[in-house]
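A short worksheet on the structure shown next.
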Amino acid sequence: MSSQPRRRRLEVEDIGDVTYVKFTDSKILDEANIQQIGEQLYSLVDDASRRKILLDFSKVEYLSSAFLGKLVTLNKKLQGVQGRLALCNITHKDIFDIFVITGLKRVFNIYQDEQEALQSF
Amino acid sequence: MEAAWFAPRRMGGACAWIVRRCNTCIAHGEAAVALEKLVFPADMVLPSDTGMVQDVQQRVLADLEALQVSERDLFSVKLALEEALVNAMKHGNQLDRSKNVRVSYFIQDDTFYIRIMDEGEGFDPDDVPDPTLEENLERACGRGLMLMRHYMNEVRFLDRGNIVVMCRKCSRNGTYEK
């Protein structure tokens, strides 16, 4: 149900000046989960003033368009403050396909793994 | 809230004929001409609470898993189902919990059919902008419909746009894959 308790949905680690974020949920689906994940991601930019964010998708096996919307908004927020967003380790083919189908592969900076992504900043 | 569920598992007569005809069309790559004429079992009635989406997904996927359909089919149905249910609850019923969403589905000859109805004002799917166009790529929403169309063989909006009927031919051995 949407009234589930709020919990930490991201693992956040600083690597140099890059904020490295791993999702703790393998299935980012429930509307309430997505709202929480979105708020926690936006807070990194709005409250913690992070400007370089790398999202690791290695645990993510499923996501929906609502989550894609959060990523698009996060990307715009970062662009608005001269920041940069990168994505890495989209290891599940079904997840990568969603980025291709929606055209978002052209919008996001997507890298094979975290080393390659970190070097891009 | 528990969803009411009365769906009979078997059909007969004219309905079965329509389903066979529809499957034949899909198998031959034609439009599923009879999709809007299908007779569905009794509805599962849900409040407009997106927390219910997972319950429906689990129920539907359990039925498909019992038929040993491919992982690709399970992923496709799950995603299309979520997009359609969230659309119905959020955009159709505006998350008004006094308004219901009705879901009905069946599986016949390895094809999954589902109908989802909301109580909203409906919409014209032709008015939804293509989210893959350059000017729309950075919009925060508008991708649900295209994902439904991608992952299902056929998606048809009926009535004033508040009813969606979709189907996907599933594969048990990889012989058919969209």
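Some points to look at:
- With Cα atoms defining each centre, region B:101-175 and region A:23-97 are spaced 24 Å apart in the structure.
- Exercise: per-residue mean of other protein chain Cβ atoms within 10 Å, A:97-108: 4
- Cβ neighbours within 10 Å from other chains - mean over A:64-71: 6
- Accessible surface for B:Glu134 stands near 130 Å², nearest 10, in the context of the full protein assembly shown (1.4 Å probe).
- Residues A:Arg8, A:Arg50, ordered by accessible area of protein heavy atoms at a 1.4 angstrom probe radius and largest first, appear as A:Arg8, A:Arg50.
- Solvent-accessible surface (1.4 angstrom probe) belonging to B:Leu158, in square angstrom, nearest 10: 40
- Each Cα pair under 8 Å and six or more residues apart adds its sequence gap; the mean of these over the residue count of region A:24-121 is a relative contact order of 30 percent.
- Note that region B:38-178 presents 42 Å² accessible area per residue, ligands and nucleic acids not counted, probe 1.4 Å.
- Relative contact order for region B:70-139, counting Cα pairs under 8 Å that sit 6 or more residues apart, in percent: 24
- For the pair A and B, total buried accessible area rounded to nearest 100 Å², probe 1.4 Å: 2400
- When A:Ile98, A:Ile90 are compared by accessible area of protein heavy atoms, the largest-first order is A:Ile90, A:Ile98, using a 1.4 Å probe.
- Loop-located chymotrypsin sites (Phe, Trp or Tyr not before Pro) in region A:25-70 (DSSP state not H, G, I, E or B) with no more than 15 neighbouring Cβ atoms inside 10 Å do not occur.
- When you filter the trypsin sites (Lys or Arg not before Pro) in region B:26-119 for DSSP loop state and at most 13 other Cβ atoms inside 10 Å of their Cβ, you are left with B:Arg97.
- Subset of A:Lys70/B:Lys90; A:Lys59/B:Lys78; B:Lys37/B:Lys78; A:Lys52/A:Lys93; A:Lys70/A:Lys105 violating a 22 Å alpha-carbon distance limit: B:Lys37/B:Lys78; A:Lys52/A:Lys93
- Taking 0.36 nm per residue of separation and subtracting the Cα-Cα distance, full extension of the segment from B:Gln68 to B:Ser98 would add 7.1 nm.
- Within 10 Å of each Cβ in B:71-83, the average number of Cβ atoms from other chains: 3
- Shape call, region B:65-178: gyration tensor on alpha carbons, a/c limit 1.5: oblate
- With K and R counted +1 and D and E -1, the other residues having a Cβ less than 10 Å from that of A:Asp17 yield a net charge of +2.
- If you sort B:Glu135, B:Glu65 by accessible surface, 1.4 Å probe, largest first, the order is B:Glu135, B:Glu65.
- Annotation: amide H-H contacts under 5 Å for A:Lys52 (H modelled 1.01 Å from N, sequence separation of 5 or more, or interchain): A:Thr19, A:Arg84.
The values are calculated or read from the model by the stated rules, or taken from the named source; none is laboratory data. Because the structure is a prediction, the values reported are computed rather than measured. FYI the Cβ positions are ideal-geometry reconstructions off the backbone, even for glycines, and counts take in every protein chain you see. Side chains are part of the model used for accessible areas, which takes the heavy atoms of the whole protein and leaves out ligands, DNA and RNA. Shrake-Rupley method; radii C 1.70, N 1.55, O 1.52, S 1.80 Å.
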